[in-house]
There are 2 protein chains.
Amino acid sequence: MTSSLHHRAIDNLGTRIISGVLPAGHVMLAEQLEDELKVSRSVIREAVRVLQSLGLVETTKRVGIRVLPASRWNPFDAQVIRWRLASDARGAQLRSLAELRAAVEPAAAELAAQNAPAALRMELVDVARAMREAGNNGEVARFLELDIRFHSLLLSGSGNEMFANLMGQVAETLTGRTVHGLMPDHPHQAALQWHEDVAEAIARGDAVSARAASDRIMRRTMSQMADTWTEQPRVFIPVRQ
Amino acid sequence: MTSSLHHRAIDNLGTRIISGVLPAGHVMLAEQLEDELKVSRSVIREAVRVLQSLGLVETTKRVGIRVLPASRWNPFDAQVIRWRLASDARGAQLRSLAELRAAVEPAAAELAAQNAPAALRMELVDVARAMREAGNNGEVARFLELDIRFHSLLLSGSGNEMFANLMGQVAETLTGRTVHGLMPDHPHQAALQWHEDVAEAIARGDAVSARAASDRIMRRTMSQMADTWTEQPRVFIPVRQ
DNA sequence: AGTTATTGATGTCTGCACACATCGGTGTCA
DNA sequence: TGACACCGATGTGTGCAGACATCAATAACT
């Protein structure tokens with residue numbers, strides 16, 4: 001299960017590294033981790049190997065297990081994102097995800113207008129119309145469900161597996177926004193209209209209009225959230241020489 | 001080193017899974033992999049744990065190690081990308097990366113104009129000017145080097161670690177384009193000008209112009225490459241219910 | 001200063017006990 | 001007779017313990 005010793009060891013170490021409790025440069029010994037987590041060597045070793053593949057640690061003979069700086073972490077890994085969302089860097093992570101989404105969704109809309117399967121285009125139109133209904137009726141939970149489905153269909157319909165992979169993060173973002181009460185009970189008519197515009201443009205294969213409408217949604221979303229993360233420190237990843 | 005038994009086991013299995021030699025649904029046994037790769041159980045177990053975290057396999061008691069479909073692979077993992085570039089799906093992977101880059105770079109330019117450190121802005125201008133010089137003189141190798149640095153600085157300067165993480169992939173893309181002779185010895189003047197436009201807009205904090213100029217570069221790049229991957233099959237990732 | 005020996009950590013291998021999902025047999029009931 | 005629920009055998013991953021191999025940082029030596 002997800003609560004095997006292996007997964008618990010990964011989560012324990014990953015949480016402590018990303019939260020900063022175990023800072024970059026900190027060196028640990030496998031043996032020390034064994035009695036700290038009360039597990040055997042194989043559990044520690046398998047966990048360390050996974051953390052290594054995520055860029056969280058590196059192992060050196062004669063030295064031990066060294067924690068790597070944040071610039072080495074794989075920022076696209078779902079688990080890394082989850083750990084960051086649970087840390088002090090939550091705001092910065094949300095901003096990064098929002099910026100990525102704002103960049104990707106209009107491109108995905110353009111591609112979906114060119115490539116999406118017919119069934120997906122039709123469902124997109126249906127979902128956009130259902131969103132208006134749920135939004136006008138103040139059905140918050142149903143609106144969230146439809147909103148997630150709309151944006152998932154959009155990303156999936158792009159035919160770009162990297163775009164599609166962002167479905168999970170988008171769903172978490174939208175859910176978080178609703179749970180934290182940042183969504184009005186009755187979404188703005190303009191936003192509802194733009195969703196329908198995107199769906200209909202994709203349905204008729206109008207890539208330019210699809211991108212434009214999606215871009216409007218994203219710009220509005222970004223400007224709404226901008227003040228949430230004012231003054232979140234930015235992490236600049238150095239350019240390797 | 002990277003040629004430890006552990007890494008070789010990961011590479012062996014990863015290559016075979018992503019190339020399709022080991023198809024989705026195929027079930028392997030840890031013991032069988034031991035004598036197939038002539039390594040011990042611990043090596044196999046640690047390798048399988050890593051492949052599991054990449055979404056390439058899942059393990060089930062009483063069943064074995066099952067290969068997962070491509071829709072479960074982590075498309076952002078550098079190793080997965082490398083394996084795909086070495087497989088039949090090379091064209092599709094290059095297209096996905098190009099589409100992602102086309103979506104991200106203009107957004108990165110916009111953010112860099114707002115957030116980049118002063119030193120980075122100045123270097124960006126210098127690099128853009130050096131690119132023109134190297135391009136006009138037909139110094140292909142130097143131009144490639146500067147091109148990589150320019151786009152790396154841009155992504156880094158955005159202050160978004162996800163954007164910055166694409167530096168490696170962009171470098172590989174640009175290098176591949178040059179190595180495969182898809183780049184003219186003397187880059188077009190318009191492209192050189194747009195690079196300077198991006199740099200200068202970022203230098204003066206003009207986010208709108210920076211995005212517009214970057215967008216022109218990306219649109220040109222995409223239209224140049226579009227015919228390279230015509231008829232590459234697209235992978236549609238299903239929306240989870 | 002350069003070279004060699006030591007040492008201590010990860011890397012690799014192996015045998016064992018345990019947990020538990022699957023499968024097939026058995027018994028019960030309609 | 002047939003369908004179904006139960007239950008134990010089986011096989012596989014999971015976790016553990018101990019050993020030796022390997023290699024690089026450091027110390028010792030020339």
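General observations
- Segment B:LEU29..B:ALA118, full-extension length gain: 26.5 nm, with 0.36 nm per residue of separation and the alpha-carbon distance subtracted.
- Rounded to the nearest Hz, the phi-derived 3J(HN,Hα) couplings of the stretch B:133-145 under the Karplus curve 6.51 cos²θ - 1.76 cosθ + 1.60 (θ = phi - 60°) are 4, 4, x, 5, 8, x, 7, 4, 4, 5, 4, 4, 4, where x marks glycine and proline.
- Close amide H partners of B:LEU22, meaning residues 5 or more places away or on another chain with modelled amide H under 5 Å apart, are B:ILE17.
- Spacing of the two label points (7 Å from each Cα toward its C-beta) at A:GLN224 and B:THR59, in nm: 4.4
- Comparing A:GLN224, A:GLN114, A:GLN32 in a Gaussian network model of chain A where C-alpha atoms under 10 Å apart are linked, the largest mean-square fluctuation is found at A:GLN32.
- Here the simple spin-label model places points 7 Å from the Cα toward Cβ, and for B:SER19 and A:GLU36 these points are separated by 4.0 nm.
- For the stretch B:30-40, Karplus couplings with θ = phi - 60° (6.51, -1.76, 1.60), whole Hz, Gly/Pro x: 4, 4, 4, 5, 4, 7, 5, 9, 6, 10, 7
- Neighbour cut-off at most 13 other Cβ (10 Å), DSSP loop, trypsin sites (Lys or Arg not before Pro), the stretch A:151-241: A:ARG204, A:ARG240
- Over the protein assembly as shown, dividing the summed -39,500 (n - 2.57) contributions of all DSSP H runs of at least 4 residues by the number of residues returns a 222 nm mean residue ellipticity of -21500 deg cm²/dmol.
- If you take the alpha carbon atoms of the protein assembly as shown and fit the smallest convex hull around them, that volume is 158 Å³ per residue.
- Estimated dipole of chain A in Debye, rounded to 20 [Cβ of Lys and Arg +1, of Asp and Glu -1, Cα centre]: 860
- Only Lys, Arg, Asp and Glu carry charge here, each on its Cβ (+1 for the first two, -1 for the last two); on that basis the protein assembly as shown has a dipole of about 1020 debye about its Cα centre.
- Each Lys or Arg adds one and each Asp or Glu subtracts one; over the other residues with Cβ under 15 Å from the Cβ of A:ARG142, this totals -3.
- For the stretch B:90-210, the relative contact order is 40 percent, taking Cα pairs closer than 8 Å that sit 6 or more residues apart in sequence and dividing their mean separation by the residue count.
- Choice from B:GLU31, B:GLU58, B:GLU110 with maximal GNM fluctuation in chain B (Cα, 10 Å cutoff): B:GLU31
- Highest-fluctuation residue, B:THR221, B:THR60, B:THR15 considered, GNM on chain B with Cα pairs under 10 Å: B:THR60
Just so you know, all these numbers are worked out from the coordinates, no wet-lab data involved. Every value quoted in this text rests on a predicted model; they were computed, and no experiment measured them. So basically every Cβ, Gly included, is an ideal-geometry build from the backbone, and we count neighbours across all protein chains shown.
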